[in-house]
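The values are calculated or read from the model by the stated rules, or taken from the named source; none is laboratory data. Note that the structure is a prediction, hence the values are computed from the model and not measured. Cβ atoms come from the backbone with ideal geometry, glycine included; neighbour counts cover every protein chain shown. Protein only, heavy atoms only, side chains kept; ligands, DNA and RNA dropped before computing areas. Shrake-Rupley method; radii C 1.70, N 1.55, O 1.52, S 1.80 Å.
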Amino acid sequence: MEDCVFCKIIKGEIPSKKVYEDDEILAFYDINPIAKVHVLVIPKIHIESLLELKDEHKYLLFNIFEKINEVAEMVGVDKTGFRVISNVGKDAGQAVKHLHFHILGGETLPTR
Ligand code: AMP
Ligand code: ZN
C-alpha cells in the first residue's frame with residue numbers, strides 16, 4: 001500500500017516514536033495526541049479496518065489485544081485505566097485506512 005501513512009511508518013519511511021515492535025505488530029505514539037497518553041497499535045500487514053477482518057486474522061487479532069495490554073503497562077496506564085478505540089469508516093472519522101487501535105489514558109477521559 002504505497003500511499004498508506006502507517007505502511008510507510010512500518011517501512012521506516014516516516015519516523016515514529018515507537019513503544020513496541022515485533023514481526024507482526026507495531027505500537028507508536030500518536031502524532032496528535034487527544035489524551036495525556038495516546039498510543040496507536042497496528043498490525044504490520046495492511047488491513048483497511050475491522051470490517052476487513054477474515055478468519056485468517058484470528059490469531060493476529062488476539063495477539064494485538066495481548067500487546068495492547070502489554071503496551072498499556074509499558075506506558076504506565078494499566079493501573080489507572082485506559083480506553084481502546086478503533087474507528088471504522090466515515091462517520092467514525094477514520095482518517096487512516098490501516099487498521100489501528102488507539103490506547104487513550106493518563107488522565108480521566110470524557111465519557112462522551
Ligand atoms: P483515525 O482517525 O482513527 O484514523 O486515527 C488516525 C490517527 O493517526 C490520528 O489520531 C492521527 O493523529 C494519527 N497519525 C496520523 N499520522 C501519524 C503519524 N505520522 N505518526 C503518528 N500518528 C499519526
Ligand atoms: Zn497500510
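Before moving on, here are some points about what is shown:
- Percent accessible area from carbon and sulfur atoms, the chain, protein chains only, probe 1.4 Å: 52 percent
- For segment 1-16, the residues whose amide N sits under 19 Å from a probe point set 7 Å from the Cα of Lys54 along the beta carbon direction are 1-2.
- Prolate/oblate/rounded call for segment 5-92, Cα gyration tensor, a/c under 1.5 rounded: rounded
- Once the 1.4 Å probe is applied to the protein heavy atoms, the chain comes out at 63 Å² accessible per residue.
- When each of Lys11/Lys79; Lys8/Lys58; Lys17/Lys97 is checked by Cα-Cα distance, pairs over 28 Å: Lys11/Lys79
- Length-normalised contact order of the chain in % [C-alpha pairs under 8 Å, at least 6 apart]: 31 percent
- Helical contribution to [θ] at 222 nm, DSSP H n ≥ 4, -39,500 (n - 2.57), averaged over the chain, rounded to 500: -7000 deg cm²/dmol
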